Structures are given as structure tokens and as C-alpha cells.
1. Taking only Cα atoms, what is the 0 to 90° angle, nearest 10, from helix 58-68's long axis to the longest principal axis of the chain?
2. Would you mind ranking 152, 158, 163 by Cβ crowding within 10 Å, fewest neighbours first?
3. Take the alpha-carbon centre of the stretch 210-236, take the same for the stretch 35-84, and report the distance between them in whole Å.
4. Cα to Cα, under 12 Å, and not fewer than 8 places away if on the same chain: which aspartates and glutamates meet these conditions relative to residue 206?
5. Can you tell me the FRET efficiency between residue 185 and residue 40 if r is taken as the Cβ-Cβ distance and R0 is 25 Å, rounded to the nearest 0.05?
6. Taking the alpha-carbon distance from residue 15 and a cut-off under 22 Å, which lysines remain once sequence neighbours fewer than 8 residues away in the same chain are dropped?
7. Within 13 Å, Cβ to Cβ, of residue 5, how many net charges do the neighbouring residues add up to if Lys/Arg are +1 and Asp/Glu are -1?
8. What angle, in degrees between 0 and 90 and rounded to the nearest 10, separates the Cα long axis of helix 8-17 from the longest principal axis of the Cα atoms of the chain?
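Bear in mind these aren't lab numbers, they're just calculated from the coordinates by the rules spelled out. It should be emphasised that the depicted structure is a prediction, and the values quoted were computed from it without experimental measurement. Glycine also receives a Cβ, built like all others from the backbone with ideal geometry; neighbour counts cover every protein chain displayed.
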Amino acid sequence: MIASTGGIGAAIAAKQATSTIPIVFTAGDDPIKHGIVASLNRPGGNVTGIYNFISSIEAKRFGLLRETVPTTGSIAVLLNPNYLGFDVQLKDLQEAARAVSQQISVFNASSEADIHAAFRAVARLPAAALLVGADPFFNGRREQLVTLAAHYSIPAMYELREYALAGGLMSYGTNLADAYRQVGSYAARVLSGDRPADLPVVQSSKFELVINLKTAKALGLMIPAGVLAIADEVIE
């Protein structure tokens, strides 16, 4: 069997490689939209897995960041145009911003050099905060992103708690370790004889908000009591 844990792109590649070897994936974008499974309840074929909804909660992240860093200025957004969920992310963020009359400035990055250039551009703007889009590419450059945000004193929102643990201001999203454990559980069932076609795609139902108060203090930022009250984890 194949355990595909590299996001939606890896899941698509695995499915394209074989129609017979069982595949268990984890992905943040809609697996039905990308033709990976026929439906969530009855995947069909040789593929099943974990759907994290990563690409579809950017608007929620945006709202939490805006509540944490109230501003009448712009909020910067960093997205990877090569990510398969890019169009959904951009559309959701534009609609969320339009609904509250919030100006956003979108920056694209698909390489380490692009990330550096984007942060230099953000630093030149009167942007009050930065939302880093959910993307496996960005996850692999977590230290770079957190370090640059600290260097330019930019409050930033990320998708995974690992960013906050590394010194990022805040994160909101699913627990990646949980998703990997679920992949392992499904892999064990497949190796025990269960067919992927009969195993419903697991849909993440728990999303966690993590806030790093050390970083907030370094930025001179007071986290609103209402945001602290709903945090699942506070790093002090």
C-alpha cells in the first residue's frame, strides 16, 4: 500500500501512479474536486484518507487575525500560486475582506527567494499584520517564515501549531500529528484486509487556536481577552 502524506499534490500523484495498490492520503484541499475520491462516504476505487479542510478555513484565520490586530490599514496575505488550493484560498480571503471592508495586499511566493522578497515588500507597506496561507511548501519553510516575521516585527497568523511553537504569533488549523495518526490507523486497517473503497474519508472536526504570548510581548501586542478565551493553547 501507499501512505501519501504530502498534501493534495502527493495524493493526486499517487492516484495517477496506480489504480490497484491501496492508497491512504492526507490532504488539505477537497479530494472530490480533484478527482481523488468519488465521495467522502464511499470513496470507491483504491483510495481513501484524511481531509483536513486546510484550504477552506482561510477566512476563519483571517477573522481571528483581524480580531487580534485591529486595523484600519491593510492586512498582507502570503500565498503560493503553485499550490493546488490557491484559487480557493484567494477567493475565500477576498470575499472575507470585502464583507468587512478590509483592505488586503496579496503577495505570491513559490521559492525561498520569493518569500524573502515578499517580506521586504510587506515591510515597506503600512500592513498591520500578515496571514500566511496554508500550504505544504510553506510548512517546509516554517523557520524561515517565523524568523522573517520576527525580523520585520510583523504579527503573523499561520496554519499549524508548529509555527507558534517555533515563535510565530498565532496559528489556527487542524492538528497535523492527529492527521498522521489517522493515516497510520487507516493504513493498518488496509493491511489487515479492509478495502479503501469501504473506508469513508475522515473529515477533521477539531481545529485549534494556539497563541504565543512571548511573541506578542516582543511585538508590543496585547492579545484581546476574547481571543485568549477561545485559545486551545497559550504559550507563555
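1. 30 degrees
2. Working: 152 15, 158 30, 163 26.
Arranged by neighbour count, lowest to highest, 152, 158, 163 become 152, 163, 158.
3. Taking the Cα centre of the stretch 35-84 as reference, the centre of the stretch 210-236 is 23 Å away.
4. Of all the aspartates and glutamates, those that pass the test against residue 206 - Cα under 12 Å, at least 8 places apart if same chain - are 178, 232.
5. Working: r = 17 Å, r/R0 = 0.68.
With a Förster radius of 25 Å, E is 0.90.
6. 33
7. Working: positive: 181; negative: 178.
Overall, the nearby charge balance is 0.
8. Between helix and principal axis, roughly 20 degrees.
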